[in-house]
Amino acid sequence: MDSSSRLNSVMPSVAVSDLGTALDFYTQQLGFRVTFENKDLFVIVARDGVEIGLAPAAVHHGAPGKNNLYLKVSGIETLYADLQSRGVPVLHPLKNEPYGMKEFMIADPDGNTINYGEPL
């Protein structure tokens, strides 16, 4: 490996069935903001340095509901309480896992799962 190059971040892309519905969920429910839009083809949302691309399934060439994101966070208890207060349905409640993480899982309107985790 050449030490003059490095990977800086990753931005996963998620297939959605309806871009407007997905944008409402990610911005209104999860607290992301839109940082890039390419008409009705692709949108990037960001929160705290984490970026997620959203694209209609026909553009993404993927299937809505088949994506799984894992977001490593700080202050997971506060985040969990905030998302619950916004009415975000929780698939797996906040729990200490035997592998050293505190985690919970939600799903977006298409069923794409988002896991939040913080080291114990």
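The values are calculated or read from the model by the stated rules, or taken from the named source; none is laboratory data. The model shown is predicted, which means the values in this text are computed figures rather than measured ones. Heads up, the Cβs are rebuilt from the backbone with ideal geometry, glycines too, and the neighbour counts pull from every protein chain shown.
Return a yes/no flag: does region 67-88 have any residue that is within 15 Å of Met11 (Cβ to Cβ), of a type in the set (A, V, I, L, M) and touching a strand residue (DSSP E or B) at 6+ places or on another chain (Cβ under 8 Å).
Yes - at least one qualifying residue is present in region 67-88.
If only one of Ala58, Ala81 is assigned to a helix (DSSP H, G or I) and modelled with pLDDT under 95, which one is it?
Values: Ala81 fails: modelled with pLDDT under 95.
Exactly one residue qualifies, and that residue is Ala58.
Please determine whether any residue of region 81-90 is in contact (Cβ under 8 Å) with a residue 24 or more places away in the chain and surrounded by 16 or more Cβ atoms within 10 Å (Cβ to Cβ).
Residues of region 81-90 that are in contact (Cβ under 8 Å) with a residue 24 or more places away in the chain, as a first pass: 82-83, 86-88.
With the extra rule that they be surrounded by 16 or more Cβ atoms within 10 Å (Cβ to Cβ), the set shrinks to 83, 88.
Checked region 81-90: at least one residue is in contact (Cβ under 8 Å) with a residue 24 or more places away in the chain and surrounded by 16 or more Cβ atoms within 10 Å (Cβ to Cβ).
When you look at Ser9, is it in contact with an Asp or Glu (Cβ under 9 Å, 6 or more places away or on another chain), modelled with pLDDT under 95 and within 16 Å of Leu71 (Cβ to Cβ), yes or no?
Values: in contact with an Asp or Glu (Cβ under 9 Å, 6 or more places away or on another chain): yes; modelled with pLDDT under 95: yes; within 16 Å of Leu71 (Cβ to Cβ): yes.
Yes; evaluated as a whole, the condition is true for this residue.
Pull up region 91-111, narrow it to residues that are small (Gly, Ala, Ser) and part of a loop (DSSP other than H, G, I, E, B), then point me to the one that is surrounded by the most Cβ atoms within 10 Å (Cβ to Cβ).
Gly111
Take region 1-56 and flag every residue that is of a type in the set (Asp, Glu) and either closer than 22 Å to Asn115 by Cα or surrounded by 12 or more Cβ atoms within 10 Å (Cβ to Cβ) (or both).
So the first thing to find is which residues in region 1-56 are of a type in the set (Asp, Glu), and the list is 2, 18, 24, 37, 40, 48, 51.
Those that are of a type in the set (Asp, Glu) and either closer than 22 Å to Asn115 by Cα or surrounded by 12 or more Cβ atoms within 10 Å (Cβ to Cβ) (or both): Asp18, Asp24, Glu37, Asp48, Glu51.
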